[in-house]
Structure formats: C-alpha cells, structure tokens
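Comments concern the structure below.
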Amino acid sequence: MKIETRTTSRHPLLPFQRGLSLPVLGKFWLSHGLALIWMVFSIVLSVPWVKELGQVETVPVAIVIN
C-alpha cells in the first residue's frame, strides 16, 4: 500500500504575504508607534476646541469635557 504525503499547506500564502514576516516585538513597537502618532494627532486637532471652550469655562474643565 502506497501512502501519499502532502507537501502543500492547507492555506497557501497569497503572493503579497510571502516576504512580509514581522516578529512579535516588531508588531508591538509598530502598533505602539502608530498609537502614539494617533494620540498626538488627536491632541493637536483638539487644541482649538479646548481654547475656545476654555474662554467659556476654565481650561481644565474644557479638557475634561473635550
């Protein structure tokens, strides 16, 4: 009796997946870097609203509300 073995995987890689392998630590730092960029962008974007609301309320209250 001849037993055949499969050499192909069940889930073949797509062409764009073949060379892109990032270690877990690299993914960790990439995600944290993107989160930091998003946080800075959000803060910069909210500064005009905080200043405007700070004229009506105090600035700390405006920061909490915003």
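State the extension gain, in nm to one decimal, for the chain segment bounded by Ala35 and Val59, taking 0.36 nm per residue of separation less the distance between their alpha-carbons.
6.1 nm
Could you give the nm distance between label points at Ser46 and Arg10, where each point is 7 Å from its Cα heading toward the beta carbon?
Calculated label separation equals 4.5 nm.
Once Rh is set to the Kirkwood radius over Cα pairs, what Stokes-Einstein translational diffusion coefficient, in µm²/s, holds for region 23-65 at a temperature of 4 °C and a viscosity of 1.567 mPa s?
Value of D from the Cα-based Kirkwood radius: 108 µm²/s.
The numbers here are math on the coordinates, done by the rules we state, and not lab data. All values derive from a computational prediction rather than experimental measurement. Methodologically, a virtual Cβ is constructed for each residue, glycine included, from the backbone with ideal geometry; neighbour enumeration extends over all protein chains shown.
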